[in-house]
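Rule-based calculations on the coordinates, nothing more; no lab input. Given the structure is predicted, the values throughout are model-derived calculations rather than measurements. Here Cβ is always computed from backbone atoms with ideal geometry, including for glycine, and neighbour counts include all displayed protein chains.
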Amino acid sequence: MRPPTLIEAVDIVLGIVGFFAFALFVITAISEITGADALGYALVLLALVVVLALTILWRRRLQRASTAAEPDDD
């Protein structure tokens with residue numbers, strides 16, 4: 001079995017961070033609706049959204065670099 005490429009590894013990180021961001025969004029929304037303290041959840045959610053956005057930008061740069069490095073077969 002071959003090791004994953006860098007783009008595949010970034011995709012895995014995107015999936016993990018995205019999952020936890022979605023789960024924390026649901027927890028934060030429920031906490032807000034029920035009136036429980038949600039500041040801590042909201043701050044962690046903010047951090048996860050920032051990490052998610054930076055990871056998406058990183059993946060786009062990697063994708064652009066890999067497509068620029070591939071030769072055209074036309």
Filter result for Ile56 (among the aliphatic types (A, V, I, L, M), in a helix (DSSP H, G or I) and touching a residue at least 40 places away in the same chain (Cβ under 8 Å)): yes
Within the stretch 24-48, tally of residues that are among the β-branched types (Val, Ile, Thr) and free of Cβ contacts under 8 Å to residues at least 12 places away in the same chain: 4
Single unsatisfied condition, Met1 versus (1) in a loop (DSSP other than H, G, I, E, B); (2) surrounded by 11 or more Cβ atoms within 10 Å (Cβ to Cβ): (2)
Selected residue [more than 9 Å from the chain's Cα centre (by Cα), part of a helix (DSSP H, G or I) and among the aliphatic types (A, V, I, L, M)] from Val44, Val49: Val44
Lone qualifier among Ala69, Ala21 - being free of Cβ contacts under 8 Å to residues at least 60 places away in the same chain and surrounded by 13 or more Cβ atoms within 10 Å (Cβ to Cβ): Ala21
Checking Val50 against (1) touching a helix residue (DSSP H, G or I) at 6+ places or on another chain (Cβ under 9 Å); (2) loosely packed, with under 15 Cβ neighbours inside 10 Å, the condition it does not meet: (1)
Pick from the stretch 54-64, criterion surrounded by 12 or more Cβ atoms within 10 Å (Cβ to Cβ) and not β-branched (Val, Ile, Thr), ranking: nearest to Val10 (Cα to Cα): Arg59
